[in-house]
Each structure stands twice: as C-alpha cells, then as structure tokens.
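Before any comments, here is the structure.
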C-alpha cells in the first residue's frame, strides 16, 4: 500500500509542477508593469507581486488612493509572456482616501513567469 501511494505521488509531481508558477520573478515594475487609469482616478501602483505558490498563487497589486475621497475601484489585469496570456477583471475594491489597499488581480498561468508583463487597467473609480 505504501509503495502504491509513493508511486502515485511520484507520478503526480510533474503534473503539479507544470501548473505551478515559477517563483523566479515575483515582482513586476518598470517596463514589465503597465498601469493605466482614467484622469479622474488619482491612483498609483506601489507594487505588483506574486503571492503564494502552486494552486494558491495569486498576482496582487498595492494601489494608493492619492485623493481625499474614498474610491470604489474596478478594472482588469492581463499577464502575458512565454507565449501565454491570461486576463481577469478585478473589483470592486473600496480604497479610503489617502490610503493604500492590496488588490488580488488574478491567478498566474502555469509555467515560468520570467520575462512576463503585467498590465493593470483601472476602468472606473467613482467616489463613495
């Protein structure tokens, strides 16, 4: 019974590793990060990063609200690289005035994230 379980786990390991994102690039900045927001949204990206690994991995961004008003932020994100592309909407996320908030964007595609580009696009951010 023990050898059957061991054989099963050894056979399963390559499949799990193929879907698990590599941890080589855990942050996006500079040319690998594109951030756009409407002119009336006073938002900035403080950092974009990979949180966790394997099935529980997620790509997150810390957004800073530069206005005094509370904003409700909605948008979409896209990760592309190594011939792969993945996108997802995010929000609504409420960010208090002059505060920062961590926003979960999407789960990464399987394989290496080396050389990948992250695009974060805020679609709207009404006050309230």
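Considering only residues in segment 11-63 that are in a loop (DSSP other than H, G, I, E, B) and at pLDDT below 90, the one that is nearest to residue 98 (Cα to Cα) turns out to be 26. What tally of residues in segment 98-128 results from selecting those that are assigned to a loop (DSSP other than H, G, I, E, B) and over 18 Å from residue 39 (Cβ atoms)? Number satisfying all stated conditions: 12.
The values are calculated or read from the model by the stated rules, or taken from the named source; none is laboratory data. Computed from a predicted structure; not experimentally measured. All Cβ positions, even for glycine, are placed from backbone atoms using ideal geometry, and neighbour counts span all protein chains on display.
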